[in-house]
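Here's the structure we're looking at; comments come further down.
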Amino acid sequence: MQLEYLVQQIINSVSIGSLYALMAIGLAMVFGILRLINFAHGDLIMVGSYATLLLNTLGLPFWIAALLGILISGLAGVVMERVAYRPIRGASDVAMLLTSFAVTIFLENLAVMIFRATSRPFASPVILSQVVKFGGIRVSSLSLISIGITLVLLVLLTIFVKRTETGISLRATSQDLIAARLMGINVNRIIVTAFIIGSVLAGVVGVLWSARVGKIDPLMGFQPVLKAFVGSVVGGLGSIPGAILGGYLLGIMEILLQALLPSNLAPYRDAFVFIILIILLLFRPNGILGTTAKEKI
Amino acid sequence: MLKIEDLHIYYGHVHALKGITLEIQDGELVALLGPNGAGKSTTLMGISGIVSLRSGTIQYDGMDISKKDPQEIVELGIIHSPEGRRIFGNLSVLENLRMGAVRRRDKSSLKKDMEEVFSLFPILEKRQHQAGGTLSGGEQQMLAIGRALIAKPRLLMLDEPSLGLAPLVVKEIFTVIKGLHEKGVTILLVEQNARQALRIADRSYLLETGSIALTGTKAEMANNPEIEKIYLSRADEGSVQNAT
């Protein structure tokens, strides 16, 4: 019984880690190239979720609504880059960070105005809310589907960044912007690509996260993006493998601590997670996979 | 081929280039010399479109390219191998070379061109799957030159290819540059290693604090006492600064 409970919790933690990892990838790609910590990335989750819910209530089947919602989230990412971030390209890191807060505040308040601040139920199909049994182990179908979808996306992403010219250019640009320009790499196109990938992944997270929580609200993106940010810092800010690793690490620690801590300490789970991460960063200030921060121009 | 007239560049309030005029003919190897901070790299960055010009013109085959962005300039065949090599450290040697071909229209001959680079620098073939950042300084310089060659330059601009390399490697790099020149590649070579550069350059320009102090053909430069005075003494000073 104890072992089965542990296995259940591990599957649960990997599934939530998957969502953090997908979020962290988007943050890492954009940070790698622009040195921009895009806190508005979380609001893309919200955009994708509301778009899915809206299209679903308008009568589209859930999966089609979800697919369109994810694409709308991708589109929102492109618009965000074009409207908010391109005009301040090359500004100081602080100016970019403040801009990302401004985008967050704008999007969240826009959503409050349109949809009101109260949460809405997010109805997902039965297949996402079933319990699958393997012997004595009971896991939710949503956890398994989340893990499966994430694995497929990670494989596709790896093929993209390792094999395609655009993917290799993306890695090159995030390492040395000037050298990339001297090669003739179209940096604008690469930046837009990074935003598209990141915001499509955020859209996927939106759908899976909402199905998990069962309701959505305009501020729903804040907590996941914060966790994903911490995950990407722990993994090594700007590194895609680091982001994936950090995302999973965070999810696993979160759920395992929840499961293993005595019940009177369980509410302080996040505090314990962050204590562990702070200790980790004391020993590896650049994150697990981060190299010694090289100067970037 | 390339004609620069009265080029001025500022970095903020710093007047980095104070009216440079220079010309490169088809097939020439032209050296741009001068002590640290004279404006050599800035000149190349201006030609590549990385830094914007305050005034002056850059003509390439009679076309004004001073307002073009780096991407268009690469497409025109002006390829700039920057100071400090700027290899993509996390990319493999092959991937680095592939980045040289981003703007090429004919990618069919890419494999053949890679083999040509490998025959020029056999060590790169051995290291082709290794990350660029794990190569030695000399190997990285070879990769930087190889990456530029993959782009099929009509004008190859090399910025300090000998910087920080062991004498034997410097010799090898210079032999390759000379070989490229003999094969007909037009080269603009920026060097603080003046002696070596003067030996292989058809013509040279000597920059001092943002202006051209001296220019001449190989023969004229060879016996010019001014060079010693302006440059060589200060180059030692410069290399001391580099080392510290």
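The values are calculated or read from the model by the stated rules, or taken from the named source; none is laboratory data. Quick caveat, the model's predicted, so the values are computed rather than measured. Every residue, glycine as well, gets a Cβ built from its backbone with ideal geometry; the counts of neighbours run over all protein chains shown. Heavy atoms of the whole protein, side chains included, go into the accessibility calculation; ligands, DNA and RNA do not. Shrake-Rupley method; radii C 1.70, N 1.55, O 1.52, S 1.80 Å.
See the values below:
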item: Helices (runs of 4 or more DSSP H) completely within the stretch A:187-297 that count 1 or more residues being more than 22 Å from residue A:30 (Cα to Cα) and open to solvent by less than 30 Å² (accessible area, probe 1.4 Å); result: A:187-213, A:240-260, A:269-283
item: Residue within the stretch B:165-177 that is more than 23 Å from residue B:199 (Cα to Cα), away from chain A (no Cβ under 14 Å) and either open to solvent by less than 30 Å² (accessible area, probe 1.4 Å) or among the basic types (Lys, Arg) (or both) present; result: no
item: For residue A:19: the one exception among (1) under 18 Å from residue A:223 (Cβ atoms); (2) of a type in the set (A, V, I, L, M, F, W, C); (3) open to solvent by 70 Å² or more (accessible area, probe 1.4 Å); result: (3)
item: Counted residues, the stretch B:204-217 - those being outside any loop (DSSP other than H, G, I, E, B) and out of contact with any helix residue (DSSP H, G or I) (no Cβ under 7 Å at 6 or more places or on another chain); result: 6
item: Any chance residue A:99 is at pLDDT 95 or above and within 14 Å of chain B (Cβ to nearest Cβ); result: no
item: Strands (runs of 3 or more DSSP E) enclosed by the stretch B:12-126 - at least 1 residues per element that are within 12 Å of chain A (Cβ to nearest Cβ); result: B:78-81
item: Subset tally (residues that are facing chain B (nearest Cβ under 7 Å) and open to solvent by 10 Å² or more (accessible area, probe 1.4 Å)) for the stretch A:166-181; result: 5
item: Failed criterion for residue B:82 (all others in (1) buried (at least 20 other Cβ atoms within 10 Å of the Cβ); (2) under 12 Å from residue B:49 (Cβ atoms) hold); result: (2)
item: The listed residue being assigned to a loop (DSSP other than H, G, I, E, B), open to solvent by less than 50 Å² (accessible area, probe 1.4 Å), within 23 Å of residue A:33 (Cβ to Cβ) and out of contact with any Phe, Trp or Tyr (no Cβ under 6 Å at 6 or more places or on another chain), out of A:95, A:84, A:91, A:76; result: A:91
